[in-house]
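Read-outs: derived from the displayed coordinates by stated rules, not from any lab. All of these numbers come straight from a predicted model, not from anything done at the bench. Because the Cβ atoms are built from the backbone with ideal geometry, glycine has one as well, and the counts that use them run over all protein chains shown.
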Amino acid sequence: MLHHPVDSLSSSSLNSRNAAADSVRAFAWVTVVFLATAAQADVRLDPLFRDHAVLQRERPIPVSGTALPGERVTVTFGALRNEGVAAKDGRFSIELPAMDASLEPRSLVVQAPSGAVTVADVLVGEVWFCSGQSNMEWTVDASNEASRAKELAPRVPIRSFKAPHVTAARPAMTVRGMWRVASAETVGSFTAVGFWFGVDLARAFDLEVPIGLVDISWGGTRIEPWIPRDLMMASPEPSIQSVARELEARIVEFESTGADARDAEAQKGEARFRQARAAYWKRVLETEVGGREGWSKPESSKNFPLAWRDTTLPALYGAVDASLEGFDGFVWFTRTFEVPAAWADRPITLSLPPIDDADVACIDGVEVGNTIGDWTRRRSYELPQGLKGGTHRITIATLDLHGQGGFANGPMKLILADTKDEIELAGSWLWRQGGGVPRVVAPARRDVTKSPGTEPHEPAAIWNAMMAPCISFPARGAIWYQGESNAGEPDNYRKLLPLLMESWRAKSGNPNLAWGIVQLAAFMPFVENEPAQGAWALLREAQFQGSREGRGGFASAIDLGDAADIHPRQKREVGERLAAWARASVYGEANVAWQGPELRSAERENGNFVRVRFDHAQGLHAMHGKPDGFALAGADGKFVWANATILDEGRDGILLSAEGVADPVEVVYAWQNNPIRANVVNGALLPMIPFRAKVTK
């Protein structure tokens with residue numbers, strides 16, 4: 001296919017898009033009618049068969065879902081029709097033949113005696129999973145060139161399905177989510193990397209092939225929860241196998257315990273936690289300055305009110321006073337309030353916003369409630385005996401254990417039971433800084449009613465809930481941007497990445513599911529005196545090696561980072577580099593460069609020099625100034641920044657030397673967390689892949 005710029009769309013393409021929009025509106029009433037029917041029907045479709053879906057072209061499409069056991073199910077898509085029988089468990093999978101790409105919106109109708117479901121505005125094109133952690137989930141609105149994306153969105157045939165963040169201990173059958181058609185109004189919440197990837201593919205196909213992006217991503221997640229646990233248990237790597245087997249054993253034990261037994265144990269556990277929490281606060285407040293000096297009843301303590309200062313609540317520590325920015329420890333707050341005579345001795349509730357991280361609340365020096373280990377939950381402390389009419393004093397000791405501390409936004413009030421009567425507590429308070437974080441381990445609540453394997457970091461937890469329901473939906477491939485949460489574990493990651501890739505192929509039934517991997521961008525401050533740091537460089541090497549072992553493509557983002565932000569905003573470039581790989585390697589488009597220069601050899605020359613040669617090095621040059629980012633080490637292992645000379649535009653490699661390194665034995669390039677000096681690219685402006693290698697003679 002010819003590669004046309006999206007910004008110069010043809011009138012025929014625009015007419016096609018307008019016709020598609022008219023068809024969408026025409027189908028709207030059909031959707032409403034069938035939604036009402038589907039709500040009562042026993043026919044249910046798997047999650048990606050939803051309005052505005054894109055089906056994978058040139059592949060048979062198994063339309064799958066559930067109906068009543070044994071009933072005959074008919075599938076119609078345009079002029080295509082097929083039927084089958086639901087199995088004993090109600091599952092059915094009825095195959096439509098492979099189809100060419102089409103921008104014509106059609107309805108997918110699934111009928112059975114128990115009901116019918118219609119999916120409106122379905123296209124046929126190219127489908128890609130977009131997965132990983134926050135840099136894949138990062139939206140168009142939060143990235144550079146958001147305005148350009150919104151201008152382009154109505155003119156490119158791109159649709160996106162977004163799944164919510166959920167976990168499960170066992171593979172689920174469904175996950176919530178919906179397809180959205182790219183428009184100026186919707187594209188802001190699309191995955192930015194995925195959108196620009198889709199834009200480049202769409203224009204490569206002359207805007208005649210719809211692009212479906214299945215965005216199943218979750219910021220801050222490790223790689224393990226994305227891998228099916230049964231295939232982790234079958235891994236030949238003992239470290240991977242043992243972790244998965246241990247978790248599986250805990251899940252089986254949990255499942256074998258009856259609900260009544262779990263509930264009984266939960267009650268015992270909650271009682272133990274309350275006791276431990278009370279003991280914690282007693283011990284902590286005995287040594288905390290505010291506890292020792294009786295600040296829970298401050299009017300009777302020393303230096304009141306002189307030692308206390310004015311503030312307005314709710315507020316986080318930094319907003320209370322600049323001196324508290326970054327402070328971890330106790331800050332005490334107090335104020336008075338009036339209880340009407342009509343409230344006297346009637347039950348009331350103290351309602352407070354979430355407090356980061358813990359708190360003890362007292363009224364007239366008597367504790368009315370405390371919390372530890374739950375900084376996201378609103379506080380609700382019951383006073384069943386109420387209070388006498390008149391003036392009272394409330395004091396709250398807040399404890400921040402790490403990060404930001406204080407009160408989140410939200411109501412602060414006393415509420416009279418069974419009424420809407422309230423006493424407002426937000427506003428003017430007094431505050432006083434206490435001591436630092438206590439040297440006492442805080443108790444943790446353990447929820448025995450929650451199954452193991454459902455925490456977002458646990459093996460297969462995300463796979464089970466988000467990917468398993470979608471993996472049988474035919475797709476061309478997956479693009480993957482993840483690794484930040486596994487930094488520091490390069491050896492394990494190199495083994496896990498190909499396992500992830502092959503496991504999705506196995507579960508999808510598509511051994512040729514394409515994979516494009518993004519190599520982590522630069523991050524953290526540049527360190528001049530450490531040319532070979534390791535750390536993130538080792539994780540990048542694991543990504544490079546793992547992608548090769550997993551038969552995947554590769555796009556480096558080493559030059560697109562931000563020292564101060566783990567979420568660099570240059571997402572268009574990442575998406576376009578992944579698209580270049582897909583166009584060349586998956587779709588067979590000629591003359592598309594997607595590989596950056598890769599080290600081929602490093603050989604010593606004339607004692608003190610090292611010649612490094614590269615593949616994919618046509619047009620090798622430095623982006624600015626002299627080529628930089630290389631370092632050499634001698635037998636002492638100490639790396640020294642090297643002088644570099646590109647020979648004949650890279651055809652004869654690069655010649656390196658470093659002052660004081662007489663007999664180099666090792667060479668690195670861009671081997672830092674943030675390799676700011678690395679500036680070598682090929683003629684396609686693709687960055688050189690970071691490397692560390694022994695020098696041969």
| said: Using the crude model of +1 on Lys and Arg Cβ and -1 on Asp and Glu Cβ, and no other charge, please compute the dipole size for the chain relative to its Cα centre, in debye to 20. | reply: 740
| field | 3J(HN,Hα) from dihedral phi, segment 514-524, Karplus parametrisation 6.51/-1.76/1.60, rounded to Hz, x for glycine, proline | value | 6, 10, x, 10, 9, 7, 3, 6, 5, 7, 6
| said: On C-alpha positions alone, give me the angle between the axis of helix 238-256 and the longest principal axis of the chain, in degrees, nearest 10. | reply: 50
| request: Using Cα centres only, tell me the gap between segment 333-389 and segment 148-191 in whole Å. | output: 43
| query | What's the local net charge at P452, with K and R +1, D and E -1, over the other residues with C-beta under 13 Å away? | reply | 0
| request: Return the loop-located GluC sites (Glu not before Pro) in segment 591-666 (DSSP other than H, G, I, E, B) with at most 14 other Cβ atoms within 10 Å of their own Cβ; answer none if there are none. | output: E659
| Volume per residue of the C-alpha convex hull in segment 598-694, rounded to whole Å³ | 85
| Antiparallel bridge percentage (DSSP; both residues within the chain; nearest 5) | 80
| field | Percent RCO, i.e. relative contact order, over segment 511-623, from Cα pairs under 8 Å lying at least 6 residues apart | value | 24
| note | Residues other than I251 with Cβ under 14 Å of its Cβ, Lys/Arg counted +1 and Asp/Glu -1, net out at -1
| said: Apply the Karplus curve 6.51 cos²θ - 1.76 cosθ + 1.60, θ = phi - 60°, to the phi angles in segment 643-653 and return the couplings in whole Hz, x for Gly and Pro. | reply: 7, 10, 10, 7, 9, 6, 6, x, 5, 9, x
| said: On a full-extension model of 0.36 nm per residue, what is the gain between T257 and N512, subtracting their alpha-carbon distance, rounded to one decimal in nm? | reply: 87.7 nm
| message | For segment 215-309, which trypsin sites (Lys or Arg not before Pro) pass both filters: DSSP loop (anything but H, G, I, E, B) and at most 13 other C-beta atoms within 10 Å? | response | K302
| request: Just add up the charged neighbours of S601: K/R +1, D/E -1, any other residue whose Cβ is under 9 Å from the Cβ of S601. | output: +2
| Under 5 Å, built H, 5+ apart or other chain: amide partners of G406 | Y317, D356, D357
| query | So what are the ³J(HN,Hα) numbers for segment 310-321, from phi and the Karplus equation (6.51, -1.76, 1.60; θ = phi - 60°), rounded to whole Hz, Gly and Pro as x? | reply | 6, 7, 10, 10, x, 6, 6, 3, x, 7, 5, 6
| query | What angle, in degrees between 0 and 90 and rounded to the nearest 10, separates the Cα long axis of helix 536-549 from the longest principal axis of the Cα atoms of the chain? | reply | 50
| task | Rounded to whole Å and ordered largest first, report the semi-axes of the equivalent ellipsoid of the chain derived from its Cα gyration tensor (root of 5λ). | result | 50, 40, 25
| Could the peptides 119-129, 543-553, 197-207 be put in order, highest first, of the mean number of other beta-carbon atoms found within 10 Å of their residues? | 119-129, 197-207, 543-553
| query | Too long at a 26 Å Cα-Cα cut-off: which of K388/K420; K150/K507; K297/K388? | reply | K150/K507
| Cα long-axis angle, helix 571-581 against the chain (0 to 90 degrees, to the nearest 10) | 40
| field | Span from the segment 455-491 Cα centroid across to the segment 650-696 one, whole angstrom | value | 33
